[in-house]
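The values are calculated or read from the model by the stated rules, or taken from the named source; none is laboratory data. As the structure is a computational prediction, the values presented were derived from the model and not from experiment. Cβ sites come from the backbone with ideal geometry, for glycine too, and all protein chains shown count toward neighbours. Calculation scope for accessible area: heavy atoms of the full protein, side chains included, ligands and nucleic acids excluded. Shrake-Rupley method; radii C 1.70, N 1.55, O 1.52, S 1.80 Å.
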Amino acid sequence: MGRLLLVEDHPFNAEAMQRLLSKKGGHEVRVAHDGPEALDTARAWLPDLALLDIGLPGMSGLDLARQLKAAPATSRIILVALTASVDASDHRAALAAGCVAVETKPLELERIIPLLAKLLSSAGK
């Protein structure tokens with residue numbers, strides 16, 4: 001399917017999501033646990049899509065999204081925000097930062113796999 005960058009600061013959650021996205025979704029998935037690591041990975045690997053936890057330590061997922069969209073090399077990466085919040089203002093902020101979708105954690109596999117396939121397909125990936 002596609003090359004996904006998963007940015008999640010909780011190691012257990014990151015490992016579980018990576019495994020599910022790889023096995024159930026057929027994606028090649030790399031994990032970063034914070035913003036600076038995600039920026040380095042995105043620049044070196046150029047994933048098709050990045051799942052960004054909004055609540056990262058140090059650099060928020062929103063700041064990460066803005067930096068990825070601002071750089072020519074990473075501006076075409078499809079960004080999906082992950083958040084535990086159901087607050088509409090958080091969702092609007094993620095969309096304003098360059099994310100095309102916002103998904104609430106915990107992720108529902110039956111929902112996220114088709115969404116990622118649709119986003120990658122519409123982008124020609």
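Taking amide H as placed 1.01 Å from N in the peptide plane, the amide H of Val29 sits under 5 Å from that of Leu4, each at least 5 places away or on another chain. The ellipsoid that matches the Cα gyration tensor of the range 38-101 has semi-axes, each √(5λ) in whole angstrom, of 19, 12, 10, with the longest given first. For the residues His10, His33, a 1.4 Å probe over the protein chains yields an accessible-area ranking, largest first, of His10, His33. Dipole magnitude for the chain: computed about the Cα centre from +1 point charges on Lys and Arg Cβ and -1 point charges on Asp and Glu Cβ, it is near 520 debye.
Taking other residues whose beta carbon is less than 15 angstrom from the beta carbon of Gln18, and scoring Lys, Arg as +1 and Asp, Glu as -1, yields 0. Comparing mean-square fluctuations of Gly58, Gly98, Gly25 from a GNM of the chain with C-alpha springs under 10 Å, the top value falls on Gly58. Show me, bin by bin at 10 Å from 0, the whole-percent P(r) of the chain based on Cα pairs. Taking all Cα pairs of the chain, the binned fractions are 14, 52, 33, 1 percent. When the charge dipole of the chain is built from unit charges on Cβ atoms (+1 for Lys and Arg, -1 for Asp and Glu) and taken about the Cα centre, the candidate among Leu119, Leu20, His91 whose Cα reaches farthest toward its positive end is Leu119. Extension gain for Arg92 to Arg43 (0.36 nm times residue separation, less C-alpha to C-alpha distance): 15.0 nm. Carbon-plus-sulfur accessible fraction, the chain (probe radius 1.4 Å, protein heavy atoms only): 54%.
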